[in-house]
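Written below as structure tokens is the structure these notes are about.
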Amino acid sequence: MKEKVMLTGVRPSGNLTLGNYLGAIKNFVDKQGTYDSYIFIADLHAITSPKNPQKLKAAIYDCVAMYLACGVDPKKTIIFKQSDVLEHGTLGFIMTFQTKMGELNRMTQFKSKSQAQHKEGVDTGLFIYPTLMVADILLYNTSIVPVGKDQQQHVELTRDLAERFNKRYGETFFMPDVYITPIGNKILNLQNPLEKMNKSDNGNNKGTIFLMDDIEVAKRKIMCAKTDSLGKVHFDEENQLGISNLMSILSKITGEDFESIEKRFDGKGYGEFKKEVAEVVANLLTEIQTKFNRYRDINLLDEILLNGAKQAQPTASETLKRAKKALGL
Ligand code: AMP
């Protein structure tokens, strides 16, 4: 066993985006092997709002195939489905009872998503899903959680609840840290850079690059990205959000720093810059899609998920036993 544990997850709720890849999956892949690594399909989190069962099933397989296509290696990483390890539900239930309503009320994800649901009434799942995430993280004695900026608050809640539980009932949980990289932690919507790039993109999908987008469509989305009238390729999140977002995408994929990008495009127009970003994204998507089609084999994916759950379950079970004992259950 390696000294430290890394864990992350993605909801199988629609096609994965460039934001998911750059904000969470890439950081995980870059570090897998140096940690005991777990990545899970957050399928219980996908049912916080009603889903079509056939579509959800397909999305779960898509998500595993996408992990593999993005470079997650089942020899170095335990890949499993959250609902296959029953301990997630039980510890999630226990951790909900350690939480104040106010703590969940102030989660920014809840605030923004519940506003969108307001007309039909807000789903309870949306309210309590952070406590399931707390359980997801604590079950594996996780030390780092690579996520995008939008999930930072939930990892902080995990730390608060773990600390409270440990104080109240004795040392039970390991304290995790969030792992957020300075570049790419919040990829923005290409048409409205005031918003995060999301799987659901107000219906027209022009602001979101999906990893399975047709290559020409993806290129066009970059070429049509909203920028500004300043005409200078410069990283400035105050005044040039759109250009800064494209610079983050380029830098995160290629590793080139902002200074060097600014120098190369000094005196050149946005068109030339966007063309390069479009090419780099197109190459990335082409590679991912080729691998995705190779891995989208249900027998292979079932075997990986079955093995993953078998490997993940003993640690989850030990942690849950510890928590139950501490509680007197
Ligand atoms: P979700 O799609 O909400 O299940 O998110 C899965 C992971 O991707 C989480 O770690 C998110 O923080 C991350 N993520 C989602 N969208 C973005 C984005 N636009 N930029 C950076 N990270 C993101």
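In percent, rounded to a whole number, the relative contact order of the chain is 23, using alpha-carbon pairs under 8 Å and six or more apart. Dimensions of region 217-318 from C-alpha coordinates, computed as largest minus smallest value along each principal axis and given longest first, are 57, 33, 21 Å. In the chain, helical runs assigned H by DSSP with n ≥ 4 each contribute -39500 (n - 2.57); averaged across all residues and rounded to the nearest 500, the mean residue ellipticity at 222 nm is -16500 deg cm²/dmol.
For residue 166, what is the net charge nearby, where nearby means another residue's Cβ is under 12 Å from its Cβ and Lys, Arg count +1, Asp, Glu -1?
Its environment carries a net charge of +2.
Over the chain, the fraction of Cα-Cα pairs per 10 Å bin, rounded to whole percents and listed from the shortest bin up, is 6, 25, 33, 24, 10, 2, 0.
Backbone phi angles across region 93-101, fed through the Karplus curve with coefficients 6.51, -1.76 and 1.60 (θ = phi - 60°), yield HN-Hα couplings of 4, 4, 6, 4, 6, 9, 10, 7, 3 Hz in residue order; Gly and Pro are listed as x.
Just list whichever of 4/57; 111/149; 31/274; 55/275; 26/167 have alpha carbons separated by over 24 Å in the model shown.
Details: 4/57 32 Å; 111/149 16 Å; 31/274 29 Å; 55/275 35 Å; 26/167 35 Å.
With Cα atoms farther than 24 Å apart: 4/57; 31/274; 55/275; 26/167.
Averaging Cα coordinates gives a centre for region 118-196 and one for region 48-64; these two points are 22 Å apart. GNM remark for the chain: springs join alpha carbons under 10 Å apart, and the peak mean-square fluctuation among 19, 267, 242 falls on 267. In the elastic network of the chain, a GNM with C-alpha springs shorter than 10 Å, the most mobile of 144, 94, 249 is 94. Scanning residues 5 or more positions from residue 10 or on other chains, those with amide H under 5 Å from its amide H are 40, 42, with H placed 1.01 Å from N in the peptide plane.
Comparing mean-square fluctuations of 56, 161, 300 from a GNM of the chain with C-alpha springs under 10 Å, the top value falls on 300. Taking amide H positions as modeled 1.01 Å from N, with prolines and chain starts lacking one, the residues under 5 Å from residue 188 and 5 or more places away or on another chain are 197. Here the Karplus curve 6.51 cos²θ - 1.76 cosθ + 1.60, taken at θ = phi - 60°, turns the phi angles of region 34-45 into couplings of 8, 10, 5, 10, 10, 10, 10, 8, 7, 6, 5, 5 Hz, with x standing for Gly and Pro. Local charge for residue 20 was computed over the other residues whose Cβ lies under 14 Å away, with Lys and Arg +1 and Asp and Glu -1, and equals +3.
Let me check I've understood the local charge: for residue 191, count other residues with C-beta under 13 angstrom from its C-beta, Lys and Arg +1, Asp and Glu -1. What total comes out? Walk me through the numbers before you get to the answer.
Details: positive: 196, 206, 220, 221, 226; negative: 195, 201.
In short, +3.
Taking amide H positions as modeled 1.01 Å from N, with prolines and chain starts lacking one, the residues under 5 Å from residue 17 and 5 or more places away or on another chain are 211.
Just so you know, all these numbers are worked out from the coordinates, no wet-lab data involved. Model, not experiment: these values are computed from the prediction. Positions of Cβ are generated from backbone atoms using ideal geometry, with glycine treated the same way; all protein chains shown enter the neighbour counts.
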